[in-house]
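The values are calculated or read from the model by the stated rules, or taken from the named source; none is laboratory data. In this text the structure is predicted, and so the values were computed from the model without any measurement. Here Cβ is always computed from backbone atoms with ideal geometry, including for glycine, and neighbour counts include all displayed protein chains. Only protein heavy atoms, including side chains, enter the accessible area calculation; ligands, DNA and RNA are left aside. Shrake-Rupley method; radii C 1.70, N 1.55, O 1.52, S 1.80 Å.
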Amino acid sequence: SWLYAAEAELQAMAGNADDCHRALDAAEQVLPPGAHDRDADLPSVFLNDAHLTRWRGNTLVLLGDDRAVDELYAALAAMDSTFVRAQAGVRCSLAHAHLVRGERDEAQVHLREARLIANRTGSVRHRRRIDRLTGLL
């Protein structure tokens, strides 16, 4: 499932919407059941339905797909609160998704939240992403 999700993200980055959607569908089909975050054989890989929803939302944003907003809000609601850095990523993706829809005020709200989290966690990667998105406002 993780590999299909990664493939979907790469396909989205390449602008291959059909291949992206096929890979997302495949990721969902082979996702192990249950709420467990980790596979006992791969403890450093986190993936369950909530994580896949987040990944799907992030991927749909790359395609400019309007459904990204709903996916990302669902992911934010389902997220484990201990995944603080991931929350910054979801907020960045929500800002991007709102920008795609022309919703600048909503984008600014999520960028503010993402910036607070990124500063608290020291995430250089998220700060760079926030700066890029802020430049689009």
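A few remarks follow.
- Members of the stretch 98-117 that are surrounded by fewer than 16 Cβ atoms within 10 Å (Cβ to Cβ) and in contact with an Asp or Glu (Cβ under 8 Å, 6 or more places away or on another chain): Arg101
- Condition check for Leu137: modelled with pLDDT of 95 or more, open to solvent by 40 Å² or more (accessible area, probe 1.4 Å) and among the hydrophobic types (A, V, I, L, M, F, W, C): no
- Residue within the stretch 118-132 that is outside any helix (DSSP H, G or I), touching a Leu at 6+ places or on another chain (Cβ under 7 Å) and either open to solvent by less than 40 Å² (accessible area, probe 1.4 Å) or not polar (S, T, N, Q) (or both) present: no
- Across the stretch 62-97, the qualifying residues are those that are over 24 Å from Thr121 (Cα atoms) and in a helix (DSSP H, G or I), and the one among them that is most open to solvent (accessible area, probe 1.4 Å) is Asp70.
- Leu31 farther than 16 Å from Leu60 by Cβ and at pLDDT 90 or above: no
- Failed criterion for Thr53 (all others in (1) modelled with pLDDT under 95; (2) of a type outside the set (Phe, Trp, Tyr); (3) surrounded by fewer than 16 Cβ atoms within 10 Å (Cβ to Cβ) hold): (3)
- The stretch 111-137 residues that are more than 14 Å from Gln87 (Cβ to Cβ) and touching a residue at least 24 places away in the same chain (Cβ under 8 Å), paired with ones that are open to solvent by 80 Å² or more (accessible area, probe 1.4 Å) and not polar (S, T, N, Q) (beta carbon under 8 Å, 6 or more apart): Leu137/Arg104
- Condition met for Asp19 (at pLDDT 95 or above, in a helix (DSSP H, G or I) and over 21 Å from Ile130 (Cβ atoms)): yes
- Pick from the stretch 98-117, criterion basic (Lys, Arg) and part of a helix (DSSP H, G or I), ranking: farthest from Val69 (Cα to Cα): Arg115
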